[in-house]
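A short write-up of the structure that comes next.
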Amino acid sequence: MTARRGLLIILSSPSGAGKSTLARRLRDWDPSISFSVSATTRAPRPGEVDGADYHFLDEAAFKSMVARGEMLEHAHVFGNFYGSPMGPVQEAIEDGRDVLFDIDWQGAQQIKNSALSRHVLSVFVLPPSIAELRRRLISRGQDAPETIARRMQKSWDEISHWDGYDYVLVNDDLDATEGRLKTIVSAERMRRVQQPGLVAHVRALQSEFEETP
């Protein structure tokens, strides 16, 4: 039977809920899962490689892709455009390779409304409590207090969109949440729409049945 189609796996959460760690563990579990390489109009930073870190485009080229419907999702952030080109993702799906998106609810909504929507698996990760979310942000030691305050203010807006996702996981225990995420991905890979060879297989069964005396 023909190999399965790939999934567009969307992970979203407020900052500090564990999304990035879960994405890393998911790729450790199955290295064939690749991150979507975004396009951007900002200049490359030292060490960044075009096509690996980002697809670096000028503004005219970026807007032209948007106009032609070649971006799964896009946004204007701090003076620059960012987006997910459709071509590489569509190619991966047809080759049976899953693509992982670490994006917010707005990008997730755009992808779910795109031409590739039937291959989307969206998962939102919730913290067990707001107090725990704040504790995790502080314990990372990466942000100044004012930055943590801004992230906390933004978290409620992000959490309010939890019901727009296929699955919602409460990350109260990282190992358990990882296990649940793997179970979801394994099951979604077996959806009927992800198995292009099923129609031919069923037809072959019907023909065999009709030929049986």
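Any read-out appearing in this document is the output of simple, stated calculations on the displayed coordinates, not a laboratory observation. These numbers were taken from a predicted model, which means no experiment stands behind them. With ideal geometry, Cβ positions are generated from the backbone for all residues, glycine too; neighbour counts draw on all protein chains shown.
So, in the stretch 1-35, of the ones that are surrounded by 21 or more Cβ atoms within 10 Å (Cβ to Cβ) and in contact with a Ser or Thr (Cβ under 6 Å, 6 or more places away or on another chain), which residue ends up nearest to Arg135 (Cα to Cα)?
Pro14
Tell me, which residue of the stretch 151-176 that is exposed (fewer than 13 other Cβ atoms within 10 Å of the Cβ) and part of a helix (DSSP H, G or I) is nearest to the chain's Cα centre (by Cα)?
It comes out as Asp163.
Which residues, taken from the stretch 37-84, are among the charged types (D, E, K, R) and assigned to a helix (DSSP H, G or I)?
Glu59, Lys63
What residue, of Leu72, Leu121, is out of contact with any Asp or Glu (no Cβ under 9 Å at 6 or more places or on another chain) and under 23 Å from Val168 (Cα atoms)?
Answer to the check: Leu72.
If you scan the stretch 178-195, which residues turn out to be within 16 Å of Glu94 (Cβ to Cβ), surrounded by 15 or more Cβ atoms within 10 Å (Cβ to Cβ) and either out of contact with any Gly (no Cβ under 9 Å at 6 or more places or on another chain) or among the charged types (D, E, K, R) (or both)?
If the condition is that a residue be within 16 Å of Glu94 (Cβ to Cβ), surrounded by 15 or more Cβ atoms within 10 Å (Cβ to Cβ) and either out of contact with any Gly (no Cβ under 9 Å at 6 or more places or on another chain) or among the charged types (D, E, K, R) (or both), then Arg189, Gln195 are the ones that fit.
Filter the stretch 67-87 down to residues that are over 14 Å from the mean Cα position of the chain (by Cα) and closer than 21 Å to His119 by Cβ and give me whichever is surrounded by the most Cβ atoms within 10 Å (Cβ to Cβ).
For the stretch 67-87, the residue satisfying everything is Met71.
Can you confirm whether Pro31 is assigned to a loop (DSSP other than H, G, I, E, B) and either aliphatic (A, V, I, L, M) or over 22 Å from Gly96 (Cβ atoms) (or both)?
no
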